[in-house]
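One structure below.
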Amino acid sequence: MIGGIGFAPGRCEYNKTIDMDTGLSKLSTALDALVLRQNITASNIANIDTEGYTKRKVEFEKYLQEAKLNGNDTAVKPSIEVTDQKVDLDTELIEMAETQMKVQFVTRMIRSQLELTKMGITGNPNSRL
């Protein structure tokens with residue numbers, strides 16, 4: 001066996017299991033959390049002049065860090081928290097811009113993962129499936 005690959009006459013097998021779906025699933029969950037954050041930020045902006053409205057925020061990264069420290073990051077879900085803070089337009093616009101950059105990054109990661117999968121299947125990065 002060399003580097004996880006077992007060789008026998010007429011046969012080649014790879015003994016390491018790689019779960020591509022897990023990576024894509026985590027990226028999909030991250031994208032869902034970011035889209036939720038964009039929606040909540042848009043809601044905060046829309047309600048900036050609503051009497052009694054306080055800022056809502058999406059917590060995801062904090063729970064992900066805690067789960068990673070505990071060794072279980074597979075079931076992390078975003079949560080919406082209501083704060084006692086008034087909505088500040090500048091802060092919300094910055095939050096929206098930061099979230100958009102994260103969405104673009106995660107989208108690129110998903111695209112790269114799918115392109116690698118396609119290349120592994122077809123052997124040609126330019127082929128169409």
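The values are calculated or read from the model by the stated rules, or taken from the named source; none is laboratory data. The structure presented is a predicted model; accordingly, all values stated were derived computationally and were not measured. Virtual Cβ from ideal backbone geometry, glycine too; neighbours counted across all protein chains shown.
Here is a check on your reading of the model: is Thr117 surrounded by 13 or more Cβ atoms within 10 Å (Cβ to Cβ), touching a residue at least 40 places away in the same chain (Cβ under 8 Å) and over 27 Å from Tyr63 (Cβ atoms)?
Yes: the conditions hold for Thr117.
Looking at the structure I just gave you, is Lys57 charged (D, E, K, R) and either in a helix (DSSP H, G or I) or farther than 20 Å from Val103 by Cα (or both)?
no
Which condition from (1) touching a residue at least 40 places away in the same chain (Cβ under 8 Å); (2) not in a loop (DSSP other than H, G, I, E, B) is the one that Tyr63 breaks?
Tyr63 satisfies every listed condition except (1).
For segment 104-111, does any single residue satisfy the condition of being within 24 Å of the chain's Cα centre (by Cα), basic (Lys, Arg) and assigned to a helix (DSSP H, G or I)?
Checked against the condition, which is being within 24 Å of the chain's Cα centre (by Cα), basic (Lys, Arg) and assigned to a helix (DSSP H, G or I), segment 104-111 yields at least one hit.
Out of the residues in segment 59-83 that are over 13 Å from Lys26 (Cα atoms) and either loosely packed, with under 10 Cβ neighbours inside 10 Å or among the aromatic types (Phe, Trp, Tyr) (or both), state the one that is modelled with the lowest pLDDT.
Gly71
What are the residues in segment 87-107 that are crowded, with 17+ Cβ neighbours inside 10 Å and of a type in the set (S, T, N, Q), if any?
Thr99 - this is the single residue of segment 87-107 that is crowded, with 17+ Cβ neighbours inside 10 Å and of a type in the set (S, T, N, Q).
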